[in-house]
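Taken together, the values in this text are just the output of simple stated rules run on the coordinates, not laboratory data. Owing to the predicted nature of the structure, the values given are computational and were not obtained by experimental measurement. Using ideal geometry, Cβ is built from the backbone for each residue, glycine included, and neighbour counts are taken over all protein chains shown.
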Amino acid sequence: MRQLAIAFGVLASGGMGATMLAAAAVSTQAAPPPAGPGLDLINERCGFCHTTAQVLTVRKTPQDWAIVVQSMIDRGAELSPEEQKTVDAYLAANYALPAPGATAPAAAPTGAR
Ligand code: HEC
């Protein structure tokens, strides 16, 4: 929090370097999802029943991600086999648990509306 306040102070003083410094200071907080075809697919095909943000707060092992994505397809998510691989890879690369068996961070929202 203190770090964040400093970042904003620096940002307010302007300059390119200051912006980058601010970005670095905030990066330990919730970073924006890395762009890519996987994210585009998630935005397009998974936001139907729950938000993308809800999907991206979840952390799973790559194996579990593949299981979840398959179960979402079973529920009605429209992904071709190729697109499924793209989404699996994106989630495994960016939202995987550090190691299998590691303690999961705070409960993810599971209730879709
Ligand atoms: C047809 C509706 C529907 C679509 C489309 C859908 N989901 Fe879901 N999703 C649900 C429901 C319902 C739940 C909550 C029930 C549950 O957790 O089993 C859920 C829960 C989840 C969860 C939390 C589950 C957990 O184990 O923590 C994740 C992650 C998720 N969805 C990812 C996705 C992804 C990725 C896609 C796109 C490939 C997707 N969903 C598309 C209906 C959908």
Return the Rg/Rh ratio of the stretch 37-94 with Cα-based radii and a Kirkwood Rh. 0.90
Quick calc: nm separation of the 7 Å Cα→Cβ label points for Val68 and Thr51 -> 1.6
